[in-house]
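Scroll down for the structure; my scribbles are underneath it.
None of the figures in this text is laboratory data; all of them are computed from the coordinates on show. Owing to the predicted nature of the structure, the values given are computational and were not obtained by experimental measurement. We place every Cβ from the backbone using ideal geometry, glycine too, and count neighbours over all the protein chains shown.
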Amino acid sequence: MVNATKGLFISCDIPMAQFIVNLNASMPASQKFIIHVLDNTHFFVQPHVAEMIRSAISEFRDQNSYEKPT
């Protein structure tokens, strides 16, 4: 019998993949969102976390961006 799971496919570079894995690891067990790690740069995640991942990445980038002083 075939089991199908609805999800979201994520493709990214290795540093961003590590960020997503760490984000998933920081969640309580009931809120973990990675369904399957396909390889170093591809994930299958629960579809309802798309916006949460986007906002976490945006916040991370804002915290780690450099602005040249004027």
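So here's what we get for this one:
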read-out	value
R0 of 22 Å, Cβ-Cβ distance Glu51-Val21: FRET efficiency to nearest 0.05	0.75
Cα long-axis angle, helix 14-25 against the chain (0 to 90 degrees, to the nearest 10)	70
Extreme residue, positive dipole direction of the chain, given options Gln46, Ala17, Ser58 (C-beta unit charges)	Gln46
Against the rule of thumb 2.2 N^0.38 Å, how large the Cα Rg of segment 19-70 comes out	1.38
Which of Ser11, Ser30 has the fewest Cβ neighbours within 10 Å, and the rest in rising order	Ser30, Ser11
Using alpha-carbon coordinates, inclination of helix 50-63 to the longest axis of the chain, degrees	20
